[in-house]
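Below: one structure, written as structure tokens.
Quick note: the coordinates plus some simple rules give every number you see, no bench work behind them. The structure displayed is predicted, hence computed values, not measured ones. Positions of Cβ are generated from backbone atoms using ideal geometry, with glycine treated the same way; all protein chains shown enter the neighbour counts.
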Amino acid sequence: MPSPLHTVFSKIKHIHAWLLRHIRSSPIEGSRSTSSYVGEIVLGCIFLFLLLAWYIATPAFTDLQYTLSGSEERHEQKDGMFFSFESTDPLMTVTFRLHQGKWLQPSRFVLRADDCLSELVINTIAVPEEVFGPCVIDTPKEIHLGTFLHAGINEITAIVPDTGGRQGFDMHPSSQDALLLSLRIAVFVVFLLLSLFLIWRRCSVRETKYVALLFLLGILLRLIYFDATPFTVRSNDADGHMDYIHSVSEHWKLPLISEGWEFYQPPLYYFASAPLYRIAKAAFLSYASIARLIQFSALLLSLVVLGLCVRISSLLFERHQRSERYLWLGFFSVFSGMVFLSPSLNNDALASVLIFAAVFLCLTFWHSGHARSWYALMLLISMGILTKMNMVLLLPVALLTLLLHPIVTRRSKAIFLVTGLLIVLSLTEWIFVFRMVQDANVGIIGNFGNLNSDLSISNHLVDYLTFNPFGILHHPYANPWQDSDRRMYFLEFLFRSAFFGEFDFGGSLRVFSQLLLALGSLVIALSVLGGTLAMRSHWRRALPLWILFAVLLLGHAYFRYIYPYSSSEHFRYSLALLLPLWYFALLTVSRFGSGARTILLSLLWLFIISNTAFVITVSILRPL
């Protein structure tokens, strides 16, 4: 008779054998619940730990007060680190507290005083003038304060002289501080490893894996550029848009157009950003930190645009067209014009999401004819018009798509047309009535009368028809100020600004820029040919994109005609033109034989690789 101990061991042996059989027969329920998740969990914990360390290392500013020389009254600043106001007082004294962590303490700070900083005292110790330099009017200064700061609370006093106009003060950690920079790099590297690990382990289908890798490339490229680009660099009047957000957060109403440079803009983006602005000020963040936070929200919106590009590709390409799908997503992941807009501090951030979402719904409606797609499209167009006025061009695109729809009945078309227009008018007409009553202004550009006359350009037919690739290569950057840089030629300026905006990246990147423009000219040639082919053999799928291309290009040209300024030619007003142009180019490539197709595919991949390298180079060299 077996002993009790032998019986127990026998039972354990049977249970162990059963568990082994169960794990082997059920790999998902068994093995994945243990070992296969260890890598993700470890990397995820490291990522969260680094984010926590980054948060702890960021110093806090509190108890900000200032006094003017003409008065002993102490003014308490309760809603943020930064402030600015009109004053005639010759001297201002600013006091505040800087809280440093016990273990992680940045030492490099950016300080901006209006007019300038004449004296700085930290913990009763006067900082020598050679540390912060001589008085330079309203110029940010990057200074090392590690030897003067300690863990815990630091009492700081700044003396700010002023010669008239506005007085103000702001201080924040430098983005180039060694500690904060190291933490950002560590977060970036761990995020990359975690993403690659997830893609490799969880994407079993090869096509899905490639799409995920291209999407990850788009994320990483935007993160690299975001990290290297403060809100003052390659921005389009960031301060004017911040003033609008500040005004809305303070008063929660539409401001007068005359109160700010950008206050003529439709309000949706600014009302959406105002709560974030308000919360950040309550947390005593500096002006630059608040701007950075709003930039980060734009970065997230740019990833939504990238996701929409993936969805749009599913409507344009068959499942077997893998090369076209990869090229499609690769282009929108890395194209310089898209990446440069990702940290925008203006309404382009929200408008781009609404525009690409509207195009997606327009294509969805073209494929299905469903009422829900139509009404969702009308809602998005309405939201877009309340965000940026160039979105109004999507309305004729939608209406023409409806009228030319091959499936929807005439009766349904009439119902969709009337109800769609009623939705748009009911949601958007109020802004025009309000502006007319409040400001006597319903123009697209409310600050048109205040634009610099040096931006004005000629308005002849030749200005709209000229497109010389050699002239473009000779003048690669879209300079809005000089006729010698061919700024009057609408198509040329539009083409160059699609890559580089209105910014000059200097001689060090000139050859690189010319390479992008040369390959881009090839894309334009392929697009022209592809557009012709699309109307012959792919009209059913391509017609909405043809309509989109024609309406946006003609609408932009008309906008430039009624507002003949070089700034009116910027490609960001017609960002959705990228969709038909790239689709037509890929359509052309797919029609060639294997030899020519291989060469063209290689050139298009070279175009994508060149854009990737250009964005990374700009982020490293920081030419502006």
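Scanning the chain for GluC sites (Glu not before Pro) in DSSP loops with at most 10 neighbouring Cβ atoms within 10 Å leaves 319-624 as the longest stretch between them. Compared with the alpha-carbon gap, the fully stretched path from residue 131 to residue 510 is longer by 132.8 nm at 0.36 nm per residue.
Can you pull the Kirkwood radius for region 326-464, inverse mean 1/r over Cα pairs, to one decimal in Å? By the Kirkwood definition, the hydrodynamic radius is 17.5 Å. Rounded to the nearest whole Hz, the Karplus-based 3J(HN,Hα) values (6.51 cos²θ - 1.76 cosθ + 1.60, θ = phi - 60°) of region 308-321 follow the sequence 5, 5, 5, 5, 5, 4, 5, 8, 9, 10, 6, 5, 7, 8, with x at glycine and proline. Eigenvalues of the alpha-carbon gyration tensor of region 338-408, scaled by 5 and square-rooted, set the equivalent ellipsoid semi-axes at 25, 11, 9 angstrom, largest first. Taken about its Cα centre, the chain carries a charge dipole of roughly 4340 debye when the Cβ of each Lys and Arg holds +1 and the Cβ of each Asp and Glu holds -1. Applying a DSSP loop filter and a limit of 16 other Cβ atoms within 10 Å to the trypsin sites (Lys or Arg not before Pro) in region 566-605 leaves 591.
Label sites at residue 470 and residue 404, each approximated as a point 7 angstrom past Cα along Cα to Cβ, lie 3.6 nm apart. Largest first, the extents of the alpha carbon coordinates of region 104-155 on the three principal axes equal 32, 21, 17 Å.
Here region 367-414 and region 231-263 have alpha carbon centers that stand 31 Å from each other.
For region 148-159, putting each phi into the Karplus relation 6.51 cos²θ - 1.76 cosθ + 1.60 with θ = phi - 60° gives couplings of 9, 9, 9, 5, x, 8, 10, 8, 10, 10, 10, 9 Hz, in residue order, rounded to whole numbers and with x for Gly and Pro. If you take the Cα centroid of region 316-351 and the Cα centroid of region 562-621, the two points sit 10 Å apart. Here the dipole of region 66-204 is about 1220 debye; that uses its Cα centre as origin and unit charges on the Cβ of Lys and Arg (positive) and Asp and Glu (negative). The distance between label points at residue 97 and residue 282 comes to 2.0 nm (points 7 Å beyond Cα on the Cα→Cβ vector).
Residue-wise HN-Hα couplings along region 551-565, as the Karplus relation 6.51 cos²θ - 1.76 cosθ + 1.60 with θ = phi - 60° gives them from phi, are 5, 5, 5, 5, x, 5, 4, 5, 4, 5, 5, 7, 10, x, 10 Hz; Gly and Pro carry x.
Prolate is the label for region 115-213, because the ratio a/c of its alpha-carbon gyration tensor axes (a ≥ b ≥ c) is 1.5 or higher and a/b is greater than b/c. Calculate I(q)/I(0) for region 186-305 by the Debye formula, one identical point scatterer on each C-alpha and no solvent, and give its log10 at q = 0.14 Å⁻¹ to two decimals. Taking Cα atoms of region 186-305 as identical point scatterers yields -0.72.
Counting Cα-Cα pairs of region 503-624 in 5 Å increments starting at 0 gives whole-percent bin shares of 2, 10, 16, 17, 18, 17, 12, 6, 2, 0. Take the Cα of residue 620, step 7 Å toward its Cβ, do the same at residue 258, and the gap between the two points is 5.3 nm. The convex hull defined by the C-alpha atoms of the chain has an orientation-averaged projected area of 40.2 nm².
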